[in-house]
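The next block holds one structure in the form of structure tokens; read it before the comments.
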Amino acid sequence: MIRIVIAEDQRMLLGALASLLDLEDDMEVVGRASDGEEAVRLVRLHKPDICVMDIEMPKKTGLEAAEELKGSGCRVLILTTFARSGYFERAIKAGAHGYLLKDSPSEDLADAIRSVMSGRRIYAPELVDDAAFAEENPLTDREKEVLLLISEGKNTKEIASELSLTNGTVRNYVSVILDKLGVGNRIEAITRFKEKGWFK
């Protein structure tokens, strides 16, 4: 019997997935989590064979939870609506054994779980194609630091103070960041960086 924990913050979908998998003769859902933190707790508690994990969840994302569960003996299968190469690369680095999209046919999920349990890795084909052409993050570590502080709502003066830089230097960094990301303002920069899955 394959023992499964499902982590999904949309409760209706969580119930539907659990019911769907419980119908399989060789599967049993032993835990349902609605956020990443609960997913980690339930995996440690129930010691399932596999955790089917959404990415964007409260408290802890599926990718953060997967990173935390690396080496726990529980295989992680990411199930998400996001076909983003940055997320996909992070999932692979976190040791995820599979990455499926929610618009896949429902029978694909049970098949993917069996394949992962037999030692295979299952990735949505469109993501594998995209990953071959995935863009590298163009920002330096310092530029990433500046953008992270911008995303936290800090202004130029606050960023300068936190990073021990002058206001002019911070403005230069912002200008380089916008240029490298090909965007017109700070909000667009944060959105672009997020879409690429580059916020770690």
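The values are calculated or read from the model by the stated rules, or taken from the named source; none is laboratory data. Since this is a predicted model, take the numbers as computed values, not measurements. FYI the Cβ positions are ideal-geometry reconstructions off the backbone, even for glycines, and counts take in every protein chain you see. SASA here: full protein model, heavy atoms, side chains in, ligands and nucleic acids out. Shrake-Rupley method; radii C 1.70, N 1.55, O 1.52, S 1.80 Å.
Looking across the stretch 1-27, the residues that are farther than 21 Å from Lys59 by Cα, exposed (fewer than 14 other Cβ atoms within 10 Å of the Cβ) and in contact (Cβ under 8 Å) with a residue 12 or more places away in the chain come down to Met1, Asp26.
Among the residues making up the stretch 63-97, those that are among the charged types (D, E, K, R) and assigned to a loop (DSSP other than H, G, I, E, B) are Lys70, Arg84. On inspection, Leu45 passes the criterion of being open to solvent by 10 Å² or more (accessible area, probe 1.4 Å), at pLDDT 90 or above and of a type in the set (A, V, I, L, M). Only one entry of Lys102, Lys93 meets the criterion of being surrounded by fewer than 18 Cβ atoms within 10 Å (Cβ to Cβ) and in contact with a Ser or Thr (Cβ under 7 Å, 6 or more places away or on another chain), and that entry is Lys102.
For the stretch 6-59, residues that are of a type outside the set (A, V, I, L, M, F, W, C) and not in a helix (DSSP H, G or I) total 18. Here the stretch 61-77 is the region considered, the condition is being open to solvent by 40 Å² or more (accessible area, probe 1.4 Å) and of a type outside the set (S, T, N, Q), and the residue that is nearest to Asp108 (Cα to Cα) is Arg75. The set of residues in the stretch 167-193 that are closer than 21 Å to Glu136 by Cα and in contact (Cβ under 8 Å) with a residue 12 or more places away in the chain comprises Tyr173, Val174, Val176, Ile177, Lys180, Leu181, Arg186, Ala189, Ile190, Phe193. Would you check which residues across the stretch 48-60 are open to solvent by 10 Å² or more (accessible area, probe 1.4 Å) and among the hydrophobic types (A, V, I, L, M, F, W, C) and list them? Scanning the stretch 48-60 gives a single hit, Met57. Condition test on Asp130, is it modelled with pLDDT under 90, open to solvent by 60 Å² or more (accessible area, probe 1.4 Å) and in a loop (DSSP other than H, G, I, E, B)? Answer is no for this residue. Taking every residue in the stretch 141-166 that is under 18 Å from Lys194 (Cβ atoms) and pairing it with any residue that is among the hydrophobic types (A, V, I, L, M, F, W, C) and assigned to a loop (DSSP other than H, G, I, E, B), at least 6 positions away or on another chain, the pairs with Cβ-Cβ distances below 7 Å are Leu147/Leu139.
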